[in-house]
Amino acid sequence: MATKSALEENRTRTLLRGIRHSGLCVIYYDAKLAVRLVENSPPSWPPPEAILAGGVAAVFDPFTSERVLAAKREAMATGAPQRVEAPYRPDGGDLLWFELSLEADREGEDGQPRGLFLAVSEITQTKRREGALRNLLVEVSHRSRNMLAILQSILGQTAGHASSVREFEEKFRGRIASLAQSQDLITYANWQEVRFRRLVETQLAPFTDGAAVEAAVEGFDPLLSPGMALHLGLALHELAANSAAYGVLASGKGRIRVRAEPLGAGARIEWIETSARPLEPPEEWGFGRTVLLHVVPRALRAEATYSIGAEGVHYALDLPDAGEPPPRSAPGGGAEGLADRRLSSAR
């Protein structure tokens, strides 16, 4: 039969093994707050001998060490557990975070604390996730303010150019729907870049579904930033709405091509609408022209041209940054594979 000392030894060995595998560090202080035991200290910390000699002051900066000391004294004086989150940066390393849990050892017969337990666990990943969440909330707030500013501008300009309440409502609803469709793409892409082809298909679908004319999307498929996708979506909406009212989509005769071609570090976006019958420029330009020639180019730091003639409609937008052109396709890959590679874009 095992002796009591042997059982205690086995129990201690088992507990120490569990502590090592859990990644938990345990430090024990005596009643005078001198370090008596250091078990399983984090690899990034100084050696246990340094901690035995200097306590957590050998690990943390003076400000953090003072906070930990105040928490020790509070735990010893009141018996209430204390918790401290402490930053630590190894020499030349990344910032790490540790959670320090302190609890008085009150197992003495007189009820007075005879020591202090300090349990240390690393919470770096948790802190990074919290930081990422804070950044995301700030980004959401920033984007929300931008969206409200865009909506306010669209509201005012649409109302200023509308000849009736019905016309205002129709155009305002369409422009808001355009923003919502682009925003859905951005949200689905986790607030990252959106593909040009997908944006075109989404914006044109309300006008081309069931129409006699389909819009062909040509060229490469650049990645668009969220802000670029929102404003380019507005431009595509205006072009499609005008076509549905006066152009090829209204007559059902002609051709529409939407192209993206590399242009330096950016891209040239073109709307080429070839009509089967002569088109005449409107006598009075509405807010749509302002969107195409001023609002969108100014927001994207781009150059734009817009013309309506007998042959049709041409709109070009030169973006300063919209992804890299795709690599050349290897021969013999098949038509489907060639199309896939042609529409891929390295960033």
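Values in this text are rule-based calculations from the coordinates and carry no lab data. Note that the structure is a prediction, hence the values are computed from the model and not measured. With ideal geometry, Cβ positions are generated from the backbone for all residues, glycine too; neighbour counts draw on all protein chains shown.
Put a plus charge on the Cβ of each Lys and Arg, a minus charge on the Cβ of each Asp and Glu, and nothing anywhere else: the dipole of the stretch 186-226 about its Cα centre is then about 120 debye. Amide H to amide H, with H built 1.01 Å from N, GLY266 comes under 5 Å of ALA322, counting only residues 5 or more places away or on other chains.
Packing, taken as the mean count of other beta carbons within 10 Å per residue, orders the peptides 235-241, 132-138 from highest to lowest as 235-241, 132-138.
Under the simplified labelling scheme, the ARG114-ALA245 pair shows an inter-label distance of 8.8 nm, with each label point 7 Å from Cα along Cα→Cβ.
On the basis of the beta-carbon distance and an R0 of 25 Å, ALA132 and ASP184 show a calculated FRET efficiency of 0.65. Amide H contacts of ASP105 (H built 1.01 Å from N, in plane; Pro and chain starts excluded): ARG114, GLY115, LEU116, PHE117 sit under 5 Å, all sequence-distant by 5 or more or on other chains. An ellipsoid equivalent to the stretch 148-247, defined through the eigenvalues of its Cα gyration tensor, has semi-axes of 23, 19, 10 Å when rounded to whole angstrom and sorted largest first. Taking H as built 1.01 Å from N, whose amide H comes closer than 5 Å to the amide H of GLU303, not counting residues under 5 places away? Answer set, sorted by chain and number: ASP318. Spin-label pair ASP91-ALA276: with each label point 7 Å from Cα along the Cα-Cβ axis, the two points sit 8.1 nm from one another. Sorting 28-39, 201-212, 95-106 by average packing, meaning the other beta carbons within 10 Å per residue, from highest down gives 95-106, 201-212, 28-39. Residue-wise HN-Hα couplings along the stretch 247-262, as the Karplus relation 6.51 cos²θ - 1.76 cosθ + 1.60 with θ = phi - 60° gives them from phi, are x, 4, 5, 6, 7, x, 10, x, 8, 10, 10, 10, 10, 10, 10, x Hz; Gly and Pro carry x.
Along each principal axis, taking the top coordinate minus the bottom one, the Cα set of the stretch 168-310 gives 42, 36, 30 Å in descending order. Note that the stretch 101-106 has calculated 3J(HN,Hα) couplings of 10, 10, 8, 5, 8, 10 Hz, one per residue in order, obtained from phi through the Karplus relation 6.51 cos²θ - 1.76 cosθ + 1.60 (θ = phi - 60°); glycine and proline are x.
What is the Cα radius of gyration of the stretch 22-122 over 2.2 N^0.38 Å, N being its residue count?
1.04
With the simple spin-label model, which puts each label point 7 Å out from Cα in the Cβ direction, the ALA31 to SER153 separation comes to 7.3 nm.
How large is the convex hull of the Cα atoms of the stretch 233-304 per residue, expressed in Å³ as a whole number?
Enclosed volume per residue, from the Cα hull, is 95 Å³.
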